[in-house]
1. If the Cβ limit is 7 Å and pairs must be 6+ apart or interchain, which residue in the stretch 52-65 that is on the phi < 0 side of the Ramachandran plot and aliphatic (A, V, I, L, M) pairs with which residue that is crowded, with 19+ Cβ neighbours inside 10 Å and assigned to a helix (DSSP H, G or I)?
2. Within the stretch 73-83, can one find any residue that is at pLDDT below 95, within 15 Å of the chain's Cα centre (by Cα) and surrounded by 13 or more Cβ atoms within 10 Å (Cβ to Cβ)?
3. If I filter the stretch 103-119 for residues that are under 15 Å from residue 184 (Cβ atoms) and in contact with a Ser or Thr (Cβ under 9 Å, 6 or more places away or on another chain), do I get at least one hit?
4. Is at least one residue of the stretch 131-142 farther than 30 Å from residue 35 by Cα, exposed (fewer than 14 other Cβ atoms within 10 Å of the Cβ) and at pLDDT 95 or above?
5. Could you please let me know if residue 181 is modelled with pLDDT under 95, within 21 Å of residue 106 (Cβ to Cβ) and either buried (at least 18 other Cβ atoms within 10 Å of the Cβ) or out of contact with any Ser or Thr (no Cβ under 9 Å at 6 or more places or on another chain) (or both)?
Amino acid sequence: MFTGIVDAVGRLDAVALNNGVELRIKASYKGVKKGESIAVNGACLTVERVVKGAFTVHAVATTLDRTLIGDWRKGQVVNLERALRAGDRFGGHFVQGHVDGVGTVERVAESGDALLIDVRVPAEVAETTILRGAITVDGVSLTVNALPSAGVVQVSLVPFTREHTTLGTLARGNRVHVEADVLGKYVRQLCRSER
């Protein structure tokens, strides 16, 4: 379980096809352990090896089917978050690290000190997303600022988020991982089972 509060930005130091995709990620983390879960651009991955200044994770076929990880290349920067521990502050929202799909940035616009980003999301994400609810974009917990049109979610980035995550560099046409609010998914399922 995660909160969507990115605690580091890492860089892909190596990307290898190995019955899936193996990534070596350089990060400022201390004390990373084998078997620990780390969200990489919102996808929960398990640490396989720890090397000086970096760690490796492996993305299997099912993860590759619903993420962009298969397109990643050496040098790319990624948002990172270590799994929530009991007693940690909870600053974002409940994030499972189970990417629901890929969204596409349709518009980026400055609005005062905020950066507004419109993302076209998969139907299953759109149907559980509400105004001022939560959504995760590339692992970052964000509030839904507006729903400008069917299937489009607008988020508003504050300066801190722009500076401390990869989202400040997004441009029209970029693709991103999206995870719908888990509460919305449970409500949708309960409503379907009532029919």
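The values are calculated or read from the model by the stated rules, or taken from the named source; none is laboratory data. Only a predicted model underlies this, so the values are computations on that prediction, with no experimental measurement involved. Cβ sites come from the backbone with ideal geometry, for glycine too, and all protein chains shown count toward neighbours.
1. Close Cβ pairs satisfying both conditions: 59/69.
2. yes
3. no
4. The answer is yes; a qualifying residue exists.
5. Answer is yes for this residue.
Table: residues versus (1) assigned to a strand (DSSP E or B); (2) more than 21 Å from residue 192 (Cβ to Cβ); (3) free of Cβ contacts under 8 Å to residues at least 60 places away in the same chain; (4) out of contact with any His (no Cβ under 9 Å at 6 or more places or on another chain).
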position	(1), (2), (3), (4)
104	yes, yes, no, yes
107	yes, yes, no, yes
115	yes, yes, yes, yes
119	yes, yes, yes, yes
124	no, no, yes, yes
129	no, no, yes, yes
132	no, yes, yes, yes
